[in-house]
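K.L.:
The structure that follows is given in the form of C-alpha cells.
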Amino acid sequence: MLFNSYVFLFLFLPVVWILFRALSGFKLARGAMGLLAVASLVFYSYWNPPFVALILASVVFNFCWGRWLGRGDRKPRWKLAIGVGVNLASIAYFKYTGFLLENVNALTGAGIEIPEIFLPLGISFFTFQQIAYLVDCHRGLTKEHSFWQYCLFVTFFPQLIAGPIVHHSEMMPQFVGDNIRRISPRMLSLGITLLAIGLFKKVMIADTLSPWVAAVFDGQADPQLIAAWVGTLAYTFQIYFDFSGYSDMAMGLGYLFNVELPVNFASPYRATNAVEFWRRWHMTLSRFLRDYLYIPLGGNRKGPVRRYVNLMATMLLGGLWHGAAWTFVLWGGLHGLYLCAAHGWGKLSEKAGFRTPRVVGWLLTFVGVAFAWVFFRATSMERAWAVVKGMVGANGVEDVGATLANAENNGIVESLPFDERFAVLALLLVVCLVLPNSWTWAREKIERMPVLGAACAVILFVSAVLGMTRISEFLYFQF
Amino acid sequence: MSKKKKSKGKTDTKTDTKTEDRTQQKAEAPEKKRKIWKIFLVAFVLLLVLAVVGLYGFQLTVDPFGVWGGPQIAGFNNYKSVQDKNERMWKIYEYYHLEPDVVFFGSSRINYCTPAKWPGVQDEKVFNFGLNAAHIPEESYYFAGALEAHQPEIAAVGLDLLQFSAIYNNPHEGYSQERLDMVAGSPLTAFFYKSRETVLSFDAIERSFDVMEASEERPDDVYHIRGWDTQRLQRKWKTPRWKFRQQLFRYHTRTYRRYRPASENFDMFGDMMDKAEELGVKVVLYIHPVHADFLVSYDVNRKWKLNEQFKRALVKHGPVWDFNYVNDISRDRDNYQDPSHFLAAVSEKFVEVLATDEPIDGLDFGMKLTRDNIEEALVEQREALDDYMEQNPGIRQMLEDARRTKDRNAFNRAAVRLIGR
C-alpha cells in the first residue's frame, strides 16, 4: 500500500486512526499499540501477503536474539556476529543473489541459472534497523521493553517501507502509555500539514517530472546535450521531491499517532560541499552508516589515509545498499570520492588560509550530485554512459532554433522540448534553495498564522488528491 | 537610607511582579499555543469540507461525462464533447446509473451506428455500450463487468469478423479492470471510483471547462444519447465517397489481408456466453452488415473460408442473426458512411429484425443462422457474393490490382470511376 493511494488515504488511514483514538480514549494504551502493530502488518501484507511471515520471523528472531545478547556481563562477539550474519544473509539472499550470480556468470562463463527472487518491500530498511538494535544490545545500550514495543518499532507503517531509518532509542520510549494516549492538537496539526506537503511533493512534483526523466533514461536514442541535462536535472529534482515527500508523509503520519519520527531531509541542495550534502540528504541513513559502519571501521581515528579508505568503503557499501547493480556501486563510489575531496580540500584550504566562495562550493556540489544521479537512475551502465556522453555533448547538440520553428509551424506543443521544462526546473531549484523545509514550515510558520496554514494545507492536500487520478484517452483509428 | 530601602523595596516589588508575569506568561504560553493549533484544526476541517463540497457541486453540475444524471442546460453543459475519447471510462458508469433493460454490446458499429432503441421497450431503458475498436478480449471484460454490475433483460451482442483477429488482444487506452471491479463491487465502491475519476481529478475538472466551452459554441447539440455517439455520422468528408474509398483501400490492403483468427478469442467469446447464462441474461447475437465491397475483399484476400468458419463457430453458442452477406442493404453504398460503418437507418432495420426475431417482409436483410441451417445458408451467401462480383467485375479487378500492387493512386483512380467521387 502506498501513501499516495486512495485505499491508504481514504480507507486504511481513517479506519486505523479512529480505532487507535477509540482505544487510547478508553485508556487502552497497550491495545492501541497492538492495533498499530497489527495495522502495520496489514499495511505490509497489502503488497504481498506471504512476505508478512518473513518480516514477522525477522522481528521474532531479532527480538529474541537481542534479549539473549543483552543478558549477562560477558557479551561474546560471536553471538553478535551470528545475529548480524542472519540478517545479512536474509538481505543477501533476497536482494543480491541475482546480482552475484550475474557477475559470477560474467566472470567465469559458468551459465548458472539466475533464480527469480522477489524482493520483499522495505527489507533494506527493516534489516538495517534491526542490525543496529542487535549491535546496541551487544553494547548494552538497550533497555527492557515488550515484544509489542519492539514489533512496532520495526513495523510501524509510516516508516516501514521507505524509512526514515529509525533508531530503537528514539522510538521505543514513545510507545508507552501516556504518550500514546493523549490527543495533542499540535501533533495532529503537524501531522496533517506534513502529510499534505509530502503528498503534494510526491504527486504534483515528482510524478510530473517522471515522464521527462523516463524520456531520457528509458528511451532508446542517445540523448543530445540539452535533452541529457534536462533529464538529469529533472531526475535530480524528482528523486528529491519523491523521497523527501515520502519522508514528510511518514513524519506526518507518525505525528497523527503521537509518534515523532526523525527528520530525514534538510534542504540538501543548499549544501556547499559533499560533507554537508550528506548531513542534509537521507539523514537517517547517513547516521546509520556513520554509527554502524564508518566508525566501527575506524572512522577518522586511524590517520588520514585510513579515513579516506573508510569513507570510500562506507559509501561503496552505501551505494550497494540502495540497489543490487554496479550503477549503484558507482554512484556510491562517486559520493565517496566527493567526500574525500571535500575533506582533503577542507584541510588544504585551511592550511593555506583560503576560503572557497560559497557559490562555487554550492555549484560544484550541485553539479556533482546531479551527475552522480545519472548512475543511480540509469538501468544499465551502457545507458548511464549514453546519458553522460550526452551531457558533455558527445552525442551532438540539438538545433533548438529549428526544433522550435518546426514546432511552431506544425502547431505541435509537445515537441517544444526545453523552454517550459527549463522554466520548471529553474523554479524547482529556487524552491529547493529558498523555501523553508516542510518540517520548519510546519513547526514554525503555522504557529504564527494558523488559518493561512490550514488554507495552505487544504490547497496542497486537495491538489495532490486531484492529481492522483489521470484520465487516459483513447484515440480511435478504427480497426 | 530609608529612601534606598524604599527604592530597593520598589525594585524588589518590580522584580517580583516581573517574575510573576513571566511565570504567568509561561503558564499561559502552552495554553495559547494549544489554542492556535486548535484554530488550525478547525480551519483545516472547515476549509476541507468547503473545498470538497465546492468540487462536487461544480463537477456534478457540469457533469462532463454525463454519468451523474444531472440536467443538461443548453449552452452550459449540453454538448459533452469530451465523451468521445473517454467512452471506456464513462460508459460503464452511465450504464450502471441508468440500469437499462436492453443493452447493445460491440464496437464502433454499435457506438455510432446504432441508436439506443429497441421496439417495445422504453427508450430510457435501452443503452448503447459500443466501444470503438473493441475486440473480443476487451469486449469480454466489459461484458462481464457490466453484467456483474447490473443484469439487463437482453444483451444484444453485435459481432464483426475483425473482433476475432489475432492482431488485437490488448485492451485499449482507457480500459481499467479495477474500474469494472469497483462498479461491480457495491454501490459504495462504484460511487467512490466514479467520484475519483469524474470529480476528484484535475483532468476531470479540465474536461468540465472543455464541455462548457463546447456547449457555448453548440447550444443545440448533444454528443451521446444513452451511449450512442450522434456526431460521427454527421461528419463531413472531403467528398461524399472519399471516406468510403479511403477505408476500402486501407482495410483491403492491410486489415483484411493480415486477418487471421485467434482461437483464444473464440474461447473468450464462449466465456461471455457462459457469463450471460449464469446471470440469467438473454443474449441476442448478430453479425453486422459490412458493405458488399468488403465481402469481395474477403474473397480477394482468401478470407472467405475464414468468414465461414467464424460463422460456424458462432452458431455453436446459439442462433445468430447474420446481416453480413450480399443483400438488399449491403449492396447499396448510400446505406454506408464507409464500407464498415452503416447509417443509423440500417441499424433501425436490423434492430427490428432482432426484436421480432422475424425478417422484414419484402426485404432481403438478415438470415437466422442455426446449427441446422448454417451450411445451406453459407452456400446461399456464397452464391450471392458470386452474383455481386459478376455484376461488378470492375470492383473485383480493382481489389485484385490493389492487393498485388498496393498502389493507392491507381486504386483511387479506379475507385472514383467505380464507386464515385
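K.L.:
Out of the stretch A:237-266, which residues are assigned to a helix (DSSP H, G or I) and either small (Gly, Ala, Ser) or over 19 Å from residue A:286 (Cα atoms) (or both)?
P.N.:
A:237, A:238, A:244, A:245, A:247, A:249, A:250, A:252, A:253, A:254, A:255, A:256
K.L.:
Quick one: how many residues across the stretch B:176-198 are crowded, with 22+ Cβ neighbours inside 10 Å and of a type outside the set (D, E, K, R)? I'd like the intermediate steps shown before the answer.
P.N.:
Looking only at the stretch B:176-198, we keep the residues that are crowded, with 22+ Cβ neighbours inside 10 Å, and these are B:182-183, B:193-194, B:197-198.
Subset that is of a type outside the set (D, E, K, R): B:182-183, B:193, B:198.
The qualifying residues number 4.
K.L.:
Something else now. In the stretch A:167-197, what residues are part of a loop (DSSP other than H, G, I, E, B) and under 24 Å from residue A:437 (Cα atoms)?
P.N.:
Taking the stretch A:167-197 and keeping what is part of a loop (DSSP other than H, G, I, E, B), we get A:167, A:175-176, A:182-184.
Those that are part of a loop (DSSP other than H, G, I, E, B) and under 24 Å from residue A:437 (Cα atoms): A:167, A:184.
K.L.:
Next up: Quick one: how many residues across the stretch A:426-458 are surrounded by fewer than 20 Cβ atoms within 10 Å (Cβ to Cβ), more than 8 Å from every other protein chain (Cβ to nearest Cβ) and either in a helix (DSSP H, G or I) or of a type in the set (A, V, I, L, M, F, W, C) (or both)? Quick ask: steps written out before the conclusion?
P.N.:
Just the residues of the stretch A:426-458 that are surrounded by fewer than 20 Cβ atoms within 10 Å (Cβ to Cβ), to begin with: A:426-427, A:429-437, A:440-441, A:443-445, A:447-449, A:451-452, A:455.
Next cut, more than 8 Å from every other protein chain (Cβ to nearest Cβ) only: A:426-427, A:429-437, A:440-441, A:443-445, A:448-449, A:452.
Narrowing further to those that are either in a helix (DSSP H, G or I) or of a type in the set (A, V, I, L, M, F, W, C) (or both): A:426-427, A:429-435, A:440-441, A:443-445, A:448-449, A:452.
The number of residues fulfilling the criteria is 17.
K.L.:
Right, residue A:365: in contact with an Asp or Glu (Cβ under 8 Å, 6 or more places away or on another chain), modelled with pLDDT of 90 or more and either within 29 Å of residue A:161 (Cβ to Cβ) or assigned to a helix (DSSP H, G or I) (or both) or not? Walk me through how you get there before you give the answer.
P.N.:
On the way: in contact with an Asp or Glu (Cβ under 8 Å, 6 or more places away or on another chain): yes; modelled with pLDDT of 90 or more: yes; either within 29 Å of residue A:161 (Cβ to Cβ) or assigned to a helix (DSSP H, G or I) (or both): yes.
So residue A:365 passes the test.
K.L.:
Looking only at the stretch A:2-52, which residues are of a type in the set (A, V, I, L, M), under 12 Å from residue A:253 (Cβ atoms) and away from chain B (no Cβ under 14 Å)?
P.N.:
Start the filter on the stretch A:2-52 by keeping residues that are of a type in the set (A, V, I, L, M), which leaves A:2, A:7, A:9, A:11, A:13, A:15-16, A:18-19, A:22-23, A:28-29, A:32-33, A:35-39, A:41-42, A:52.
Next cut, under 12 Å from residue A:253 (Cβ atoms) only: A:9, A:13, A:16, A:36, A:39.
Within the stretch A:2-52, A:13, A:16, A:36, A:39 meet the criteria.
K.L.:
Hey, can you tell me all the residues within the stretch B:257-297 that are among the small types (Gly, Ala, Ser), at pLDDT below 95 and not in a helix (DSSP H, G or I)? It would help to see each step written out before you state the result.
P.N.:
Keep residues of the stretch B:257-297 that are among the small types (Gly, Ala, Ser), which gives B:262-263, B:270, B:276, B:280, B:292, B:297.
Narrowing the set further to residues that are at pLDDT below 95 leaves B:262-263.
Correct list: B:262 only.
K.L.:
Restricting to the stretch B:256-284, name every residue that is within 14 Å of chain A (Cβ to nearest Cβ) and under 22 Å from the mean Cα position of the chain (by Cα).
P.N.:
B:265, the sole residue that qualifies.
K.L.:
Still on this model: Does residue A:192 satisfy the criteria of being in contact with a Gly (Cβ under 8 Å, 6 or more places away or on another chain) and either more than 26 Å from residue A:155 (Cβ to Cβ) or free of Cβ contacts under 8 Å to residues at least 60 places away in the same chain (or both)? Outline the logic, then answer.
P.N.:
On the way: in contact with a Gly (Cβ under 8 Å, 6 or more places away or on another chain): yes; either more than 26 Å from residue A:155 (Cβ to Cβ) or free of Cβ contacts under 8 Å to residues at least 60 places away in the same chain (or both): no.
Taking the combined requirement at face value, the residue does not satisfy it.
K.L.:
Moving to a separate point now. Sort out which residues of the stretch B:93-127 are more than 25 Å from residue B:177 (Cα to Cα) and either within 14 Å of chain A (Cβ to nearest Cβ) or of a type in the set (Phe, Trp, Tyr) (or both), and write them in order of number.
P.N.:
Matches in the stretch B:93-127: B:113, B:118.
K.L.:
Then there's this: For residues in the stretch B:103-132 being without any contact (Cβ under 8 Å) to a residue 60 or more places away in the chain and under 9 Å from the mean Cα position of the chain (by Cα), which is surrounded by the fewest Cβ atoms within 10 Å (Cβ to Cβ)?
P.N.:
Here the residue is B:132.
K.L.:
Looking at the stretch B:84-102, can you tell me whether even one residue there is in a loop (DSSP other than H, G, I, E, B), at pLDDT below 95 and either crowded, with 22+ Cβ neighbours inside 10 Å or more than 15 Å from the chain's Cα centre (by Cα) (or both)? Talk me through it step by step, then tell me what you get.
P.N.:
Filtering the stretch B:84-102 down to residues in a loop (DSSP other than H, G, I, E, B) leaves B:99-101.
Checking the rest, the ones that are also at pLDDT below 95 come to none.
No - not one qualifying residue is present in the stretch B:84-102.
K.L.:
How many residues does the stretch B:153-177 contain that are in contact with a Gly (Cβ under 6 Å, 6 or more places away or on another chain) and either at the interface with chain A (Cβ under 10 Å from one of its Cβ atoms) or assigned to a loop (DSSP other than H, G, I, E, B) (or both)?
P.N.:
From the stretch B:153-177, those in contact with a Gly (Cβ under 6 Å, 6 or more places away or on another chain) are B:158; that's our starting set.
In the following step, the residues that additionally are either at the interface with chain A (Cβ under 10 Å from one of its Cβ atoms) or assigned to a loop (DSSP other than H, G, I, E, B) (or both) were identified as none.
Counting residues in the stretch B:153-177 that are in contact with a Gly (Cβ under 6 Å, 6 or more places away or on another chain) and either at the interface with chain A (Cβ under 10 Å from one of its Cβ atoms) or assigned to a loop (DSSP other than H, G, I, E, B) (or both) gives 0.
K.L.:
Every residue in the stretch A:302-326 that is outside any helix (DSSP H, G or I) and farther than 22 Å from residue A:163 by Cβ, please. Can you show your working first?
P.N.:
Just the residues of the stretch A:302-326 that are outside any helix (DSSP H, G or I), to begin with: A:302-303, A:323-325.
Correct list: A:302, A:303.
K.L.:
Confirm whether residue B:180 is among the hydrophobic types (A, V, I, L, M, F, W, C), within 18 Å of the chain's Cα centre (by Cα) and part of a helix (DSSP H, G or I). Give the steps one after another, and end with the answer.
P.N.:
Details: among the hydrophobic types (A, V, I, L, M, F, W, C): yes; within 18 Å of the chain's Cα centre (by Cα): yes; part of a helix (DSSP H, G or I): yes.
Yes; evaluated as a whole, the condition is true for this residue.
K.L.:
If residue B:362 meets every condition in (1) in contact with a Lys or Arg (Cβ under 9 Å, 6 or more places away or on another chain); (2) free of Cβ contacts under 8 Å to residues at least 12 places away in the same chain apart from one, which number is that one?
P.N.:
(1)
K.L.:
Another question about this same structure. Given the condition outside any helix (DSSP H, G or I), touching a residue at least 12 places away in the same chain (Cβ under 8 Å) and surrounded by 20 or more Cβ atoms within 10 Å (Cβ to Cβ), answer yes or no: does some residue in the stretch A:279-301 qualify? Before you say what the answer is, go through the steps one by one.
P.N.:
Within the stretch A:279-301, the subset outside any helix (DSSP H, G or I) is A:281-282, A:295-301.
Filter once more, keeping what is touching a residue at least 12 places away in the same chain (Cβ under 8 Å): A:281-282, A:297-298.
The next check asks that each one be surrounded by 20 or more Cβ atoms within 10 Å (Cβ to Cβ); those that pass are A:281-282.
The answer is yes; a qualifying residue exists.
K.L.:
Next question. Is it fair to say residue A:318 is within 22 Å of residue A:343 (Cβ to Cβ) and surrounded by 21 or more Cβ atoms within 10 Å (Cβ to Cβ)?
P.N.:
Details: within 22 Å of residue A:343 (Cβ to Cβ): yes; surrounded by 21 or more Cβ atoms within 10 Å (Cβ to Cβ): yes.
It is true that residue A:318 is within 22 Å of residue A:343 (Cβ to Cβ) and surrounded by 21 or more Cβ atoms within 10 Å (Cβ to Cβ).
K.L.:
Same structure again: Keeping to the stretch A:464-475, report how many residues are surrounded by 15 or more Cβ atoms within 10 Å (Cβ to Cβ) and either closer than 17 Å to residue B:41 by Cβ or at the interface with another protein chain (Cβ under 8 Å from one of its Cβ atoms) (or both). It would help to see each step written out before you state the result.
P.N.:
Within the stretch A:464-475, the first condition is being surrounded by 15 or more Cβ atoms within 10 Å (Cβ to Cβ), and the residues that meet it are A:464-469, A:471, A:473-474.
Narrowing the set further to residues that are either closer than 17 Å to residue B:41 by Cβ or at the interface with another protein chain (Cβ under 8 Å from one of its Cβ atoms) (or both) leaves A:465-469, A:471, A:473-474.
Selection size over the stretch A:464-475: 8.
K.L.:
Mind listing whichever residues of the stretch A:152-207 are among the charged types (D, E, K, R), away from every other protein chain (no Cβ under 14 Å) and under 24 Å from residue A:462 (Cα atoms)? Before you say what the answer is, go through the steps one by one.
P.N.:
Pass one, the stretch A:152-207, residues among the charged types (D, E, K, R): A:170, A:178, A:181-182, A:186, A:201-202, A:207.
Now drop any that are not away from every other protein chain (no Cβ under 14 Å), which leaves A:170, A:178, A:181, A:201-202.
A:201, A:202 - these are the residues of the stretch A:152-207 that are among the charged types (D, E, K, R), away from every other protein chain (no Cβ under 14 Å) and under 24 Å from residue A:462 (Cα atoms).
K.L.:
Then there's this: Could you grab me the full set of residues in the stretch B:224-248 that are within 14 Å of chain A (Cβ to nearest Cβ), buried (at least 20 other Cβ atoms within 10 Å of the Cβ) and not in a strand (DSSP E or B)?
P.N.:
If the condition is that a residue be within 14 Å of chain A (Cβ to nearest Cβ), buried (at least 20 other Cβ atoms within 10 Å of the Cβ) and not in a strand (DSSP E or B), then B:244, B:247, B:248 are the ones that fit.
Condition check ((1) under 16 Å from residue A:136 (Cβ atoms); (2) over 27 Å from the mean Cα position of the chain (by Cα); (3) free of Cβ contacts under 8 Å to residues at least 24 places away in the same chain) across all residues:
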| position | (1), (2), (3) |
| --- | --- |
| A:36 | no, no, no |
| A:44 | no, no, no |
| A:49 | no, no, yes |
| A:63 | yes, no, no |
| A:68 | yes, yes, yes |
| A:75 | yes, yes, no |
| A:80 | yes, yes, no |
| A:83 | yes, no, no |
| A:87 | yes, no, no |
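K.L.:
Considering the stretch B:130-149 alone, what residues qualify as being in contact with a strand residue (DSSP E or B) (Cβ under 9 Å, 6 or more places away or on another chain) and within 20 Å of residue B:187 (Cα to Cα)? Please lay out each step first, then the result.
P.N.:
Narrowing the stretch B:130-149 to residues in contact with a strand residue (DSSP E or B) (Cβ under 9 Å, 6 or more places away or on another chain): B:130-132, B:134-136, B:139, B:142-143, B:146-147.
B:142, B:143, B:146, B:147 - these are the residues of the stretch B:130-149 that are in contact with a strand residue (DSSP E or B) (Cβ under 9 Å, 6 or more places away or on another chain) and within 20 Å of residue B:187 (Cα to Cα).
K.L.:
What pairs come out if I take residues in the stretch A:321-346 that are farther than 21 Å from residue A:96 by Cα and pair them with residues that are modelled with pLDDT of 90 or more and among the aromatic types (Phe, Trp, Tyr) whose C-beta lies under 6 Å away, six or more apart or interchain?
P.N.:
A:340/A:308
K.L.:
Assess whether residue B:386 counts as being assigned to a helix (DSSP H, G or I) and at pLDDT below 95. Outline the logic, then answer.
P.N.:
On the way: assigned to a helix (DSSP H, G or I): yes; at pLDDT below 95: no.
Spelling it out, it is not the case that residue B:386 is assigned to a helix (DSSP H, G or I) and at pLDDT below 95.
K.L.:
Does the stretch B:128-152 hold any residues that are assigned to a helix (DSSP H, G or I) and within 11 Å of another protein chain (Cβ to nearest Cβ), and which are they?
P.N.:
Applying the first criterion (assigned to a helix (DSSP H, G or I)) to the stretch B:128-152 yields B:136-149.
Once the filter is applied, which keeps residues that are assigned to a helix (DSSP H, G or I) and within 11 Å of another protein chain (Cβ to nearest Cβ), the stretch B:128-152 yields only B:138.
K.L.:
Right, another one. Kindly provide the set of residues from the stretch B:49-82 that are assigned to a helix (DSSP H, G or I), touching a residue at least 24 places away in the same chain (Cβ under 8 Å), away from chain A (no Cβ under 11 Å) and not β-branched (Val, Ile, Thr), ordered by number.
P.N.:
First pass over the stretch B:49-82, keeping only residues assigned to a helix (DSSP H, G or I): B:49-62, B:81-82.
Of the ones still in play, those that are also touching a residue at least 24 places away in the same chain (Cβ under 8 Å) are B:55-56, B:58-60, B:62, B:81-82.
Checking the rest, the ones that are also away from chain A (no Cβ under 11 Å) come to B:56, B:58, B:60, B:62, B:81.
Result: B:56, B:58, B:60, B:81.
The values are calculated or read from the model by the stated rules, or taken from the named source; none is laboratory data. Quick caveat, the model's predicted, so the values are computed rather than measured. Quick reminder, even Gly has a Cβ in these numbers, built from the backbone with ideal geometry, and neighbours come from all protein chains shown.
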